[in-house]
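Structure, as structure tokens:
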Amino acid sequence: MFSLAVISSSLLSRGSWPFSPSKARPAHPLLIQSKEYFSRLDQSNPLKRYDFVVLDTELTGLEVKKDEIVSIGAVRIREMRIDIKDSFYFCVCPSKEVPKQSTLIHRITPSQASKAPPLEEGLLALLDYCGNSLIIGHNINLDMKIINRALEERFGGRLYNLCIDTMRLARVYQDRQWVGSLECCNTEISYNLKKLSQEYNLPLFEEHNALTDSLQTAYLFLFLIHKMQDATSWNLKDLCRVACVRRWGG
């Protein structure tokens, strides 16, 4: 497990501190690097040639436009295997007290959140952790909207990493089950992360924790990839065509 203190101290030297939100702020060097890398990414290689970061966020509520990040968790996939030793987790202190209703879901108390480091520190550590990896998430658009809003406010830009949505991938997999089959498929399947994992008999982890939800999503991603009919011959471009929510440079 990485040390947030060690990573963040090295990253703070690359930007300015303290931070104050400003739309006029020039993009942080790590964000510029992300944009340059993914604008010219070669998508023709087999999937095992790429690194993936599977991430999840927990928020103060359910309204994307006003609620804030309370925690972010992530795990890394290398050579299409989960590297559980290379994981990422941090809690952050939001600008407002964490509502009781949210605490009942993610179990992060107002007291815990108030003692956590500021969001700026965690975002810099996340940028360094993600690097040039592709990002995976379940309904990843929601997480990226929240993260990119925070990055734009504080660091003048957004992540350009390609993002793969396991919810989209699961829908494609279910659709393919119908093709050429006379057997009855489950037409009432839920695309909720836990229910999909139960449907596919995957290991189950604690819900509504950013790190364990990331791990659950990683298992789901690998299961779907290995089950897809032509997955063994897929390259990154094939995967993006099926489940990518952004296609920068490709």
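The values are calculated or read from the model by the stated rules, or taken from the named source; none is laboratory data. Computed from a prediction, not measured in an experiment: that's the story for all the values here. Here the Cβ is made from the backbone with ideal geometry for all residues, glycine too, and neighbour counts use every protein chain on show.
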Considering every residue within segment 19-42, establish whether at least one is at pLDDT below 95, touching a strand residue (DSSP E or B) at 6+ places or on another chain (Cβ under 9 Å) and assigned to a loop (DSSP other than H, G, I, E, B). yes
Which ones in segment 71-91 are among the hydrophobic types (A, V, I, L, M, F, W, C) and surrounded by fewer than 13 Cβ atoms within 10 Å (Cβ to Cβ)? Ile84
Within segment 209-216, is even one residue over 16 Å from Arg78 (Cα atoms), in a helix (DSSP H, G or I), among the polar types (S, T, N, Q) and at pLDDT below 90? no
If only one of Leu123, Leu127 is crowded, with 19+ Cβ neighbours inside 10 Å, part of a helix (DSSP H, G or I), under 16 Å from the mean Cα position of the chain (by Cα) and free of Cβ contacts under 8 Å to residues at least 40 places away in the same chain, which one is it? Leu123
Any residue at all in segment 52-65 that is out of contact with any Phe, Trp or Tyr (no Cβ under 7 Å at 6 or more places or on another chain), aromatic (Phe, Trp, Tyr), on the phi < 0 side of the Ramachandran plot and surrounded by fewer than 21 Cβ atoms within 10 Å (Cβ to Cβ)? no
Collect the residues in segment 43-75 that are touching a Gly at 6+ places or on another chain (Cβ under 6 Å) and either outside any loop (DSSP other than H, G, I, E, B) or modelled with pLDDT under 95 (or both), keeping them in residue-number order. Leu55, Asp56, Asp67
Flag if Ile32 is within 21 Å of Leu211 (Cβ to Cβ), in contact (Cβ under 8 Å) with a residue 60 or more places away in the chain and out of contact with any Lys or Arg (no Cβ under 7 Å at 6 or more places or on another chain): no
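Results for (1) of a type in the set (Asp, Glu); (2) over 16 Å from the mean Cα position of the chain (by Cα), shown as yes or no for each residue.
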{"residue": "Asp51", "(1), (2)": "yes, no"}
{"residue": "Asp56", "(1), (2)": "yes, no"}
{"residue": "Gly61", "(1), (2)": "no, yes"}
{"residue": "Arg76", "(1), (2)": "no, no"}
{"residue": "Ile82", "(1), (2)": "no, no"}
{"residue": "Tyr89", "(1), (2)": "no, no"}
Taking the condition of a type in the set (Asp, Glu), surrounded by fewer than 20 Cβ atoms within 10 Å (Cβ to Cβ) and assigned to a loop (DSSP other than H, G, I, E, B), does Glu97 pass? yes
Here the residues within segment 234-250 that are over 13 Å from Phe38 (Cα atoms) and at pLDDT below 90 are Trp234, Val245
